[in-house]
Amino acid sequence: MTLPFILFFVLALTAIGGALLLILAREPIHSALSLILVMMSLAGLYLMLGAEFVAAVQIIVYAGAIMVLFVFVIMLLNAGVEERTEYSKIAKYVGIPLGLLLLLDLAHGMAHSLMGRAPANGAGSANVMVSTRDLSLQLFQKYLFPFEATSILILIAILGALVLAKRDE
């Protein structure tokens with residue numbers, strides 16, 4: 001067993017554990033903190049794949065900015081402990097079989113996937129390395145408008161949360 005192999009399983013189990021905590025947590029703030037744990041472990045997996053830019057974006061944008069926004073909105077709305085109801089009996093009896101069916105479909109897709117198999121004639125392999133500089137030039141030149149539009153949408157979401165919170169007072 002090599003160190004990257006062990007590190008992969010540690011990060012993968014951390015991501016799965018955080019996802020389970022995200023679903024099972026009773027308080028919204030605990031769910032948001034669990035989601036941060038999932039995002040940080042995904043960033044570690046991206047680092048292991050050699051995608052440093054994606055890992056940095058994962059930490060800065062998602063685990064940083066978006067999750068701070070989530071925590072801010074949760075605290076602003078003063079969301080307490082989640083109320084458990086018995087209205088979701090259908091989800092219990094339909095959701096579990098559908099979840100198992102989804103897992104079987106994913107396993108079937110992974111088993112019959114062409115990923116990782118080398119083509120017979122060597123054609124179609126795109127081993128082109130893109131530097132972080134080239135990627136950032138594309139992001140801030142060609143895709144500047146969608147980048148800025150996303151930041152404006154996040155700002156509108158913050159203002160909407162403030163309006164909703166002030167409406168009760």
Quiz prompt | Scope region 8-29; condition more than 30 Å from Ile74 (Cα to Cα) and in contact with a Leu (Cβ under 9 Å, 6 or more places away or on another chain); matching residues | solution = Phe8
Quiz item: Out of all the residues in region 97-108, is one or more among the aliphatic types (A, V, I, L, M), modelled with pLDDT under 85 and surrounded by 10 or more Cβ atoms within 10 Å (Cβ to Cβ)?
Solution: no
Quiz prompt | Test: Gly44 is among the small types (Gly, Ala, Ser) and buried (at least 17 other Cβ atoms within 10 Å of the Cβ) | solution = yes
Quiz prompt | From the options Ile158, Ile90, residue that is in a helix (DSSP H, G or I), modelled with pLDDT of 70 or more and surrounded by 10 or more Cβ atoms within 10 Å (Cβ to Cβ) | solution = Ile158
Practice problem: Give just the number: which of (1) β-branched (Val, Ile, Thr); (2) modelled with pLDDT under 90; (3) over 30 Å from Thr150 (Cβ atoms); (4) exposed (fewer than 10 other Cβ atoms within 10 Å of the Cβ) does Thr2 not satisfy? | Solution: (2)
Exercise. Sort through Ala56, Ala51, Ala65, Ala120 and tell me the only one that's among the aliphatic types (A, V, I, L, M), modelled with pLDDT under 80, closer than 27 Å to Arg133 by Cα and out of contact with any Pro (no Cβ under 9 Å at 6 or more places or on another chain).
Key: Ala65
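The values are calculated or read from the model by the stated rules, or taken from the named source; none is laboratory data. Just so you know, these numbers come straight off a predicted model, no measurement behind them. As a convention, Cβ positions derive from the backbone with ideal geometry for all residues, glycine included, and neighbour counts pool all protein chains shown.
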